[in-house]
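Asks: Before anything else, here's the structure in question.
The values are calculated or read from the model by the stated rules, or taken from the named source; none is laboratory data. From a predicted model like this one, the values you see are computed outputs, not experimental measurements. Note that each Cβ is placed from the backbone with ideal geometry, even for glycine, and that neighbours are counted across all protein chains shown. Areas reflect the complete protein model, heavy atoms only, side chains present, ligands, DNA and RNA absent. Shrake-Rupley method; radii C 1.70, N 1.55, O 1.52, S 1.80 Å.
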Amino acid sequence: SVLMANAGIFVAPAVAATFGIPLDPVTGAILGFEMSQALEDKLVSHSVAFVATATAALGTAVNRANATAGGYWSTFVQPPFQDINAYAAPVTWLWLVPTDLFPKDEVYAARMQTCSTVKWLDPLKLSLCVEASMGHPNLLGASAYADAITGQLTPDLQTWRQRHAAVQHAP
């Protein structure tokens with residue numbers, strides 16, 4: 001894989017071709033160190049499409065689950081992420097590729113030990129194991145999610161407590 005210098009992303013040649021990233025035919029390295037505006041626009045477009053698709057699919061899943069259960073049992077909480085919190089953005093709420101250049105998640109060392117002891121992993125699977133935190137919420141992102149969920153639940157907590165008081169205090 002190849003390091004895309006400005007985005008801090010490892011890109012396999014096949015993935016690079018998908019995004020139109022020019023590679024050196026001999027070394028396989030990305031040509032140039034600056035991310036082109038066209039590449040940046042494509043990455044942003046793919047991210048926007050992912051958020052829209054994921055949001056719609058999760059909302060649909062919640063609605064189907066509620067319909068199957070015969071009532072209101074769950075709700076989808078839209079995470080409060082903004083552009084400035086996107087991957088590699090100035091105030092990202094997501095873990096970046098774990099390298100010496102970027103902070104690592106709190107279980108990185110344990111994951112590295114576990115990943116290195118699994119003998120059946122090929123190099124690609126080992127890389128995926130090591131990089132497992134990438135794109136998932138970091139501490140700021142997790143806190144933002146928790147706050148959004150708490151904010152959604154707070155109006156219903158009193159009613160829930162009253163309805164389930166006997167269950168809460170069972171021996």
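Asks: What's the extension gain from residue 112 to residue 163 if we count 0.36 nm per residue and subtract their Cα-Cα distance? Please list the in-between numbers first.
Replies: Working: separation 51, 0.36 × 51 = 18.36 nm, distance 4.57 nm.
Gain in length upon complete extension: 13.8 nm.
Asks: In terms of solvent-accessible area of protein heavy atoms at a 1.4 angstrom probe, what is the ranking of 106, 131, 40, highest value first?
Replies: Heavy-atom accessible area, descending, gives 106, 40, 131.
Asks: How do 147, 105 stack up against each other in accessible area, from largest to smallest, with a 1.4 angstrom probe? Provide the component values of the computation, followed by the final result.
Replies: Numbers: 147 105, 105 15 Å².
Descending order: 147, 105.
Asks: What is the list of residues in segment 78-105 whose amide nitrogen lies under 15 Å from a point 7 angstrom out from the Cα of residue 140, following Cα to Cβ?
Replies: 80-97, 102-105
Asks: Where does each of 62, 48 land when they are ordered by accessible area, with a 1.4 Å probe and the largest first?
Replies: Details: 62 30, 48 90 Å².
My answer, sorted largest first, is 48, 62.
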